[in-house]
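Asks: For reference, the structure I am asking about is given below.
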């Protein structure tokens, strides 16, 4: 009896393995846990995220800041991504598809926060974002400016 109980987790894992593989492949295994940080303080993530390729725009709901690339877009080389947090609209242009497979931290805030980052001349530090993709060693960092604007200033 004890021997049979010890084999139960292994048996369940073997039975469920094909389902787990199929689930990961259905989304192209391109999933992200998005963490948003304003002035060093974590915020609740967006409720939905929109992806734009050369032909389509698709919006998907997030689950606690987690989302997966729509399988129809998983083969694109890069996607534009946008979402809303509070009164701010965020736009990340031409993100390589390989980046959508690891957790992200998107940090933004006041000019004090952004002063430590080297922004290009003429950039508005209040609209800049630092994006860290926790993928590989070292991690990948992107500095995007402009990254966010007030919702009312964003064209529909």
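Every number in this text was worked out from the coordinates using simple rules, so none of it is lab data. The model shown is predicted, which means the values in this text are computed figures rather than measured ones. Quick reminder, even Gly has a Cβ in these numbers, built from the backbone with ideal geometry, and neighbours come from all protein chains shown.
Asks: On a full-extension model of 0.36 nm per residue, what is the gain between residue 124 and residue 48, subtracting their alpha-carbon distance, rounded to one decimal in nm?
Replies: Gain in length upon complete extension: 24.8 nm.
Asks: Would you order 79, 119 from fewest to most other beta-carbon atoms within 10 Å of each residue's own beta-carbon?
Replies: Exposure proxy ranking, most exposed first: 119, 79.
Asks: Here's a follow-up. Over all Cα pairs of the stretch 28-153, how is the pair count split among 5 Å bins, expressed in % and running from 0 up to the last occupied bin?
Replies: In order of increasing distance, the bins hold 2, 11, 21, 25, 21, 13, 6, 1, 0 percent.
Asks: Still on this structure: Rounded to the nearest 0.05, what FRET efficiency do residue 33 and residue 71 have when you use their Cβ-Cβ distance and R0 = 22 Å?
Replies: Rounded to the nearest 0.05, the efficiency is 0.75.
Asks: Taking other Cβ within 10 Å of each residue's Cβ, how do 76, 44 sort, fewest first?
Replies: 44, 76
Asks: To make sure I understand, if each residue's beta carbon is the centre and we count other beta carbons within 10 Å, what order do 137, 75 fall in, fewest to most?
Replies: Least crowded to most crowded, the residues run 137, 75.
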